[in-house]
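To keep things clear, I will list the structure first and then write my remarks on it.
The values are calculated or read from the model by the stated rules, or taken from the named source; none is laboratory data. Small disclaimer: the values here were computed from a predicted structure and weren't measured. Methodologically, a virtual Cβ is constructed for each residue, glycine included, from the backbone with ideal geometry; neighbour enumeration extends over all protein chains shown. Only protein heavy atoms, including side chains, enter the accessible area calculation; ligands, DNA and RNA are left aside. Shrake-Rupley method; radii C 1.70, N 1.55, O 1.52, S 1.80 Å.
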Amino acid sequence: MSLPDPALSRAILIGAHSYRKLPDLPPVEQNLMGLRQALEHPSVWGLPTSHCTVVAQPEHAQTALDALHDQAPRATDTLVVYYAGHGLVDPYTDELYLALPSTEPGRPDTALRYEYVRRAVLDPAVTARRKVVVLDSCYSGRARIGEMGAGGHLTAQALIDGACLLMSTAGTRKSLFFPGERYTAFTGELIDTLVRGIADGPALLDMDTIYRHVHAQLSGKRRPLPEQRNRNAGGLIVLARNRAVLPGRADSALDALAPESVPLLGGVPRRTLLTAVAGGTVALGGAGLGVRRLLHGSDPAPRRDELGAGTGPAPGSGRPRTTSPSAPPSSSPPTAKPSSSPTRRRAKPGALLWQKPIPASEYPSDVILVDGVVCLSRDGTVLGFDAVTGERRWTVRFEAPLTPLVATAVTSGGVLCVCDLDGHLHAIRIRDGDKRWSYRMGGVDAPHAWCTVRGGVVYASQSGGGLHAVDAATGKRRWLYAPAEGIDSAPAANDTVVCVGATGETVNHLDAVNARTGKRKWRFEGHVTPYLTIDARQAYTVNYGTVSAVDLDTGERRWSESADPPANDGPDLGPPTLAGGTLYTTTLDGYLTARDPGSGSVRWRFPVEAGERIADWGNYSSGSGSSGAAIPTVSGATLYLGSLALPDDPDSRADRYRSARLVYAVDTVTGTERWHRTTEGCTGTVAADDTAAYFATSDDHLCAVGR
């Protein structure tokens, strides 16, 4: 056994501590912080900060699922997924649901269905050799209803190397937290094991060893006992060094993370304690994370407001309340580099790491980053470059011109899908450029074609054609949605709905299609552009000076906001980008705008300018297609934005397009510039990983710069 490579691993920590309709769980906030700091500490595991994503207080299930779908494929060694919060049971299906801040009793649609978490972990695109799921919630043992490995659903790699599911309680038991204690009972023991280690234990702690120790500790305290289920060698997955046997293990900062013993309380009638426990339980079917105080003969009776859910550390506990950091999920494609790749040298933000020539083309190309390979298309060719060295790995040629690479999708096992303008959908293996399959959509010489992927299905559309659902592994069609008026937009999908639009002289509408059956759910008559985006609750469209949100359940407009400053002429709004709970758009006059997806209100605006501002943002096509505006890419807490292609008559407008030769890095929280780089040619859409940003320029170069 060996410690997993932190550089090739990922952890996604999800938790909800404050609820509108359920009792609050204050220790969950500390769970996320303590577990993250333990996993990141060099003497425990050493997971890089950028490899540990914390999703605290996800307002909607899609927020958590987006983080999973984005981060999980980046792990090629070990993937850890953790949830803490109320566990709810659907009384009709007996399924486990994970509560969110907006979850309502009796409303499973307002919670995160555990089955969707399981599917995200088992998605073929997730190639991690080892997978660990940890659930700290009431009735978490019900996760075994759809446990990893049930029915042979694990991927081949997981069957070989194992998967582990660690649950805080049995399927019929409540988890506990004790007001005044820093963490919930189960997570507290887990963090204590990681931070303090196990005396006389092995040098490396695998999941079996951790489980047995946590089980024994909780048993001795008469607290609910955890359960563990492994697939093949899942119990042998190593998660940490054993700090109890490390030489020179003293580390005051790390030791401070360990849970402290809190005196048991006395002077409280047992009936009162049972009432407090009942007051802290909620459920879809009658269960939740219980709250309990224990008796102690010498301690004074607690105040009434200390019973029940509690609001934080007990008076005199000496523990300050802190806020758990929340890293927004990234929208950029998977970027974990193979273990054989050389180590990258670090560079200052915006400083050139390498620059490689690429075939000449009329316009700059958008780039996409998959498994350590930077991919771009030039006419009918797809090229793959090593992200670390910049050396070309492979070249794949097709008979017909290809759509821009921003309209591609990463699918199962590191496969890239791309559409050509002769009506074909192609799948390319990223590792070596091998063509896996081709699917015929039907139309020929369509001006545009698009595709996206979700849950192992590629959704592809073509101007004037239909919406095709294609199995990502085999290239076989699952269903076809073909409205009489045709489709004229890229598809946007979540786990249950696919949205497409149609525009023209006589039609302008948005359709929502059932992702499983291909049947239309509703039609929204309104302004739709060729690019859309959706989350768990709404679809977002842009048209000229307006960005709108449409309810996915009803097809009704939820809000509509005009671009500000107002547009001058032409299509002023670029494709919408949704990442980290923020909606981004770009406008004709050079503004990048961040909005609240729930209300449409502006959070910040960033003026894209250097010298003269772009006066005709969006009028000319970059690699991003018909919309013309470069599409923002979010990686971690940074947004990267390329620029436009040169106008049709560059000599007459050269001065107005001096800003078109820039790449920007913008802070997603404040909307302030982190850095920008002037290039020798205008750029397309930017890709990024943990150390670099990548873009192609109109002077025929592919560049990597420090981020």
Exercise for the section: Return the total of residues in the range 536-545 being open to solvent by 10 Å² or more (accessible area, probe 1.4 Å), in contact with a strand residue (DSSP E or B) (Cβ under 6 Å, 6 or more places away or on another chain) and closer than 14 Å to Pro597 by Cα. Expected result: 1
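The rows are residues; the columns are (1) open to solvent by 10 Å² or more (accessible area, probe 1.4 Å); (2) under 18 Å from the mean Cα position of the chain (by Cα); (3) closer than 30 Å to Gly46 by Cβ; (4) at pLDDT below 90.
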{"residue": "Val81", "(1), (2), (3), (4)": "no, yes, yes, no"}
{"residue": "Gly87", "(1), (2), (3), (4)": "no, no, no, yes"}
{"residue": "Asp94", "(1), (2), (3), (4)": "yes, no, no, yes"}
{"residue": "Arg113", "(1), (2), (3), (4)": "yes, yes, no, no"}
Practice task
Please give the number of the condition Leu98 fails out of (1) in contact with a Gly (Cβ under 7 Å, 6 or more places away or on another chain); (2) aliphatic (A, V, I, L, M); (3) over 25 Å from Ala38 (Cβ atoms).
Solution key: (3)
Problem - Spans of strands (runs of 3 or more DSSP E) in the range 396-507 with at least 3 residues buried (at least 21 other Cβ atoms within 10 Å of the Cβ), at pLDDT below 90 and in contact with a Ser or Thr (Cβ under 7 Å, 6 or more places away or on another chain) - result: 449-454
Completion exercise
Within the range 529-547, of all residues that are more than 17 Å from Ser562 (Cα to Cα) and outside any strand (DSSP E or B), the one modelled with the lowest pLDDT is Pro530
Completion exercise
Going through (1) in contact with a His (Cβ under 9 Å, 6 or more places away or on another chain); (2) farther than 25 Å from Asp109 by Cα one by one, Pro26 fails only at (2)
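Residue-wise test of (1) in contact (Cβ under 8 Å) with a residue 60 or more places away in the chain; (2) in contact with a Lys or Arg (Cβ under 6 Å, 6 or more places away or on another chain); (3) part of a helix (DSSP H, G or I).
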| position | (1), (2), (3) |
| --- | --- |
| Leu3 | yes, no, no |
| Ala11 | yes, no, no |
| Ser18 | yes, no, no |
| Pro23 | yes, no, no |
| Gln30 | yes, yes, yes |
| Leu35 | yes, no, yes |
| Ala38 | yes, no, yes |
Handout entry: Test result for Thr53, under 14 Å from the mean Cα position of the chain (by Cα) and among the hydroxyl-bearing types (Ser, Thr, Tyr)
Key = yes
Handout entry: Hits in the range 96-108 - residues which are open to solvent by 10 Å² or more (accessible area, probe 1.4 Å) and touching a helix residue (DSSP H, G or I) at 6+ places or on another chain (Cβ under 9 Å)
Key = Tyr97, Ser102, Glu104
